[in-house]
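Colleague: Sharing a structure below in structure tokens format, with a few things to ask.
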Amino acid sequence: MNAMGLLRIRKFANSLSAVLLCAISLVITCSQPANALPAFARKYGLRCSACHESWPMLNYFGQKFKDNGYQLMNDRDAPIWQNPGYWPVTFRMTPIWHRVSTGKVLVDSTGGVDSAVQRVETSGFDLSGLDLHTGGTLEKNFSFFLLPSSDNTGAFHFETVMARLDNLFGSPYLNIKLGKFELDNLLSEKRILTLTGNGGIYQLYHFIPVGDGNIFGQMGDNQLGVEVMGHSNNDRTRYSAAILSSVDGTPGLTYGSNAYSGFFTGSQAFDTGKLGVQRIGAYAFVGEAPTSWLTSGGPTGYLPGSGIGNKNFSREGFVGQFYFGQHLDLQVVTQHGSDSAWFGQGYGDVIDAVAPNNNTPGTTLPPGSRNPTWNGVLFEPHYVYSPQLIFIGRYETIRMSQQSTPGTPSTLGNISTYTIGYRYNPFMTSRAGFAWHNEYNWLHQDGTGPSLGLNTANINTSELLIGFDFDF
Amino acid sequence: MQTTLRKWSLWLGAAAFLALPLASRAQLASDQLKVWEAAPGSVSHIGNITGHAKDAAADYRRYCVGCHGELGDGNGEVAQWLLPPTWPKPRNFQLGIFKCRSTPSGTLPTDEDLFDTIARGMDRSAMPQWSTFTKQQRADLVAWVKHFSPRWANEKPGDPIKIPPEPEVTPERIKAGRDVFARVQCWKCHGVQGMANGPSAATLTDDLGAPIAAFNFTEGARPKCGDTDQDIYRIFMTGLDGTPMPSFSDNIKPDEAWDLVFYLRTLQPHNAFNMKERQIAKQLGLKPINPNAPTQ
């Protein structure tokens, strides 16, 4: 083999490594186990389509079922009414082929280590992680949900662990949930219809400004806490209020002491005749998280659980679910986000090495530091040809409105992304779900690529994904 | 090499992207569906809302077909697993016989009756409360349900029965209701304490021969056709067609029917409707009837 051949192999290997690293980090950080439960369909004899616009996304009836604590309220919800052979377990997995194209990956070249950038493209067959859902009722008005979930190497963690007291005092307006659970997002990331690395999450639910050390405001992640929620009998009116540990869902009190957040939602739906039911609502995620950490054994030996010096953050916005007849709907979420200037300056989660700085006594912020703020919106239209075939689109954009450090380019960290795809279910029964899934995602972020003398350091990535999404 | 791979993968993706939706169309179009859509009288009227059967086809397929079946005959894929009396079989719409009506026994229900049933659901069955639907959706589904049965082409719904204003609850009325309970032999199915354990309870079958349970007043469940006093009154007077529960409109006077409503409330555990009745029963020291006693 000649020198040119060796160079090409090395280049390809480097490129592949970079892409694999990207892919693995995406899978680990962004995989979103979804709740689509043939176990419930089997229990009640309802087809997937009864509760899902297209599984796993809920329709209004499915949302009501969930709000009732996975109960139909037909006096047959308690397990005592089930055949003893029934076991409420569902698994879900997604074998796929995908092609990922990542722009501006640092690569070695004749100029030295990381001396060049280039686009890296790779394709191949792959797997999602495995979700093992089990949930339902322990007794009438006592609900539970467990979700051990793995990444695609089989490493498991608990995505959801919760028990819920339903319809307290006979009122649907009072339900209490304790454990690790999905926040009450009307447009649920756990029920997202798309699967690609960047399109399989809502960017709006995870956005963190460049250089910001706050991981605790990610409303797409399941969180640990207690939630009170309520709804009217027909679910037109809904509210929820949750008190959460500011740990981004990580058990073991790894982060700060006495750091809590709150997540609050309210929404109202309206019957608009042939158009359908329209819902509008609002949410607010407000809280505080640590920036100051004790150390042991040196300045970088951060002690888990020692975080203090809590600083504030907030995410708030509106949600709309608009239906235009039987086939077309549009989901909209807006967000205004703000972090304390301390987070913006790189203080925050040192445990996961997200934040580079420790707010030790006497620390002061650089002059002129400000709270980073941003605004975002996502639009997600669906065309439901039938319960078996749905076309999906999404456009998200997030724009920084104020950078923490004066003089920082105003567009640094801005994100634009769109996703298109469809899911086709060749059959629709009450026993299992199977979807042929096709999707394309494109994402652009300003200023986060290696510049290396280029005019812009923007990154474009794209992914094409084809696969089977099934659960039983 | 990489260019070839890229082209190949893009073409593969594009082809896959387009192929299956086109193939799906054949499966989604059902000739049978078109036949049913074209059936006469496939319209409903709920107040100022007009429902059209053709507009309900998608909703029926999405929500209802698993139990009630493509042909509305109650033989959906799930029906085989619904084992009476715990899980009553799905309704066969082709027969045009419905439990919950405001109309006399043997007649067709009104559109409003079906409309209300869809939202209310049927407790102690697999029929959920579809209260999240819009009124238009429900009206369309009523039309869809109706078009399965030729009865609607040949008959008109009965006139809703008249329900007189509800009188004041008194100890005398509750005692009178207890007498009615004994006289018309409600206890034979429902038991002397309303526990669905009367001497006939174990032998009850519906019109299709499937076992069926009498209503147990003591377990806190909602009656299938509604839980207000008016709903219970209506059940006596219209009966539940297709079940052993007859209409008592020929045996019970309206005043007696109210008495019976008040007495039955005393058998139920505490709920939103029976606080006064239970208080009176407690003050009276009301005991269950004795069917063997000469008079009650």
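The values are calculated or read from the model by the stated rules, or taken from the named source; none is laboratory data. From a predicted model like this one, the values you see are computed outputs, not experimental measurements. Using ideal geometry, Cβ is built from the backbone for each residue, glycine included, and neighbour counts are taken over all protein chains shown.
Colleague: Could you list, in sequence order, all residues of region A:53-74 that are free of Cβ contacts under 8 Å to residues at least 24 places away in the same chain and more than 16 Å from B:S131 (Cα to Cα)?
Modeller: Those that are free of Cβ contacts under 8 Å to residues at least 24 places away in the same chain and more than 16 Å from B:S131 (Cα to Cα): none in region A:53-74.
Colleague: If a residue counts only when it is in contact with a Phe, Trp or Tyr (Cβ under 6 Å, 6 or more places away or on another chain), which strands (runs of 3 or more DSSP E) contained entirely in region A:170-248 have at least 1 such residues?
Modeller: By residue number, A:223-231, A:237-245.
Colleague: Sort out which residues of region A:63-81 are more than 9 Å from chain B (Cβ to nearest Cβ) and farther than 20 Å from B:W87 by Cα, and write them in order of number. Before you say what the answer is, go through the steps one by one.
Modeller: At the first step, the residues of region A:63-81 found to be more than 9 Å from chain B (Cβ to nearest Cβ) are A:66-71, A:77-80.
Those that are more than 9 Å from chain B (Cβ to nearest Cβ) and farther than 20 Å from B:W87 by Cα: A:K66, A:D67, A:N68, A:G69.
Colleague: If I ask for residues that are under 17 Å from A:V350 (Cβ atoms) and surrounded by 15 or more Cβ atoms within 10 Å (Cβ to Cβ), which ones from region A:235-253 would you list? Even if it seems obvious, please write down each step before you answer.
Modeller: Of region A:235-253, the ones under 17 Å from A:V350 (Cβ atoms) are A:246-248, A:250, A:252-253.
Matches in region A:235-253: A:S246, A:V247, A:D248, A:T250.
Colleague: Residues that are among the acidic types (D, E): list the helices (runs of 4 or more DSSP H) wholly contained in region B:220-296 that include at least 2 such residues.
Modeller: Numbers: elements: B:229-238, B:254-267, B:275-284.
The qualifying helices (runs of 4 or more DSSP H) are B:229-238, B:254-267.
Colleague: Further, regarding this structure: Return a yes/no flag: does region A:409-426 have any residue that is part of a strand (DSSP E or B), closer than 29 Å to A:P290 by Cβ and touching an Asp or Glu at 6+ places or on another chain (Cβ under 8 Å).
Modeller: Scanning region A:409-426, I find at least one residue that is part of a strand (DSSP E or B), closer than 29 Å to A:P290 by Cβ and touching an Asp or Glu at 6+ places or on another chain (Cβ under 8 Å), so the answer is yes.
Colleague: Could I ask something else about it? Let me spell it out: the conditions are (1) more than 14 Å from chain B (Cβ to nearest Cβ); (2) at pLDDT 95 or above; (3) touching a Leu at 6+ places or on another chain (Cβ under 6 Å); (4) surrounded by fewer than 21 Cβ atoms within 10 Å (Cβ to Cβ), and A:A284 meets all of them except one. Which number is the exception?
Modeller: A:A284 satisfies all of (1) more than 14 Å from chain B (Cβ to nearest Cβ); (2) at pLDDT 95 or above; (3) touching a Leu at 6+ places or on another chain (Cβ under 6 Å); (4) surrounded by fewer than 21 Cβ atoms within 10 Å (Cβ to Cβ) except (3).
Colleague: Moving on to the next point. I'd like the full set of residues that are touching a Ser or Thr at 6+ places or on another chain (Cβ under 8 Å), more than 9 Å from every other protein chain (Cβ to nearest Cβ) and either within 21 Å of A:N59 (Cβ to Cβ) or surrounded by fewer than 20 Cβ atoms within 10 Å (Cβ to Cβ) (or both), limited to region B:56-90.
Modeller: If the condition is that a residue be touching a Ser or Thr at 6+ places or on another chain (Cβ under 8 Å), more than 9 Å from every other protein chain (Cβ to nearest Cβ) and either within 21 Å of A:N59 (Cβ to Cβ) or surrounded by fewer than 20 Cβ atoms within 10 Å (Cβ to Cβ) (or both), then B:E70 is the only one that fits.
Colleague: Look at B:I161 and say whether it is part of a helix (DSSP H, G or I) and among the β-branched types (V, I, T).
Modeller: No; evaluated as a whole, the condition is false for this residue.
Colleague: Tally up the residues in region A:400-434 that are closer than 24 Å to A:L365 by Cβ and either of a type outside the set (S, T, N, Q) or within 9 Å of another protein chain (Cβ to nearest Cβ) (or both), please.
Modeller: Result for region A:400-434: 6.
Colleague: Next up: From (1) within 14 Å of chain A (Cβ to nearest Cβ); (2) in a loop (DSSP other than H, G, I, E, B), pick out the condition that doesn't hold for B:R101.
Modeller: (1)
Residue-by-condition table, conditions (1) at pLDDT 95 or above; (2) surrounded by 24 or more Cβ atoms within 10 Å (Cβ to Cβ):
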site: A:L186; (1), (2): no, no
site: A:L193; (1), (2): yes, yes
site: A:Y205; (1), (2): yes, yes
site: A:S267; (1), (2): yes, no
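Yes/no per residue for (1) surrounded by 15 or more Cβ atoms within 10 Å (Cβ to Cβ); (2) within 24 Å of A:D248 (Cβ to Cβ):
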| position | (1), (2) |
| --- | --- |
| A:A353 | no, yes |
| A:G362 | no, no |
| A:H382 | yes, no |
| A:Y385 | yes, no |
| A:Q388 | yes, no |
| A:F391 | yes, no |
| A:T405 | yes, no |
| A:T411 | no, no |
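Colleague: I need the full set of residues from region A:337-355 which are without any contact (Cβ under 8 Å) to a residue 40 or more places away in the chain and in a strand (DSSP E or B), in order please.
Modeller: A:S338 - this is the single residue of region A:337-355 that is without any contact (Cβ under 8 Å) to a residue 40 or more places away in the chain and in a strand (DSSP E or B).
Colleague: Please count how many residues of region B:189-199 are without any contact (Cβ under 8 Å) to a residue 40 or more places away in the chain and either closer than 21 Å to B:M237 by Cα or touching a Lys or Arg at 6+ places or on another chain (Cβ under 8 Å) (or both).
Modeller: Just the residues of region B:189-199 that are without any contact (Cβ under 8 Å) to a residue 40 or more places away in the chain, to begin with: B:190-191, B:195-199.
Within this subset, residues satisfying the condition of being either closer than 21 Å to B:M237 by Cα or touching a Lys or Arg at 6+ places or on another chain (Cβ under 8 Å) (or both) are B:190-191, B:196, B:198-199.
Within region B:189-199, residues that are without any contact (Cβ under 8 Å) to a residue 40 or more places away in the chain and either closer than 21 Å to B:M237 by Cα or touching a Lys or Arg at 6+ places or on another chain (Cβ under 8 Å) (or both) number 5.
Colleague: For the structure I just gave you, tell me whether B:A119 is in a helix (DSSP H, G or I), within 10 Å of chain A (Cβ to nearest Cβ) and surrounded by fewer than 22 Cβ atoms within 10 Å (Cβ to Cβ).
Modeller: Here the answer is yes, as B:A119 does meet what is asked.
Colleague: Turning to a different aspect of this structure: Restricting the search to region A:158-169, which residues are assigned to a strand (DSSP E or B) and farther than 16 Å from A:M93 by Cβ?
Modeller: A:F158, A:T160, A:V161, A:M162, A:A163, A:R164, A:L165
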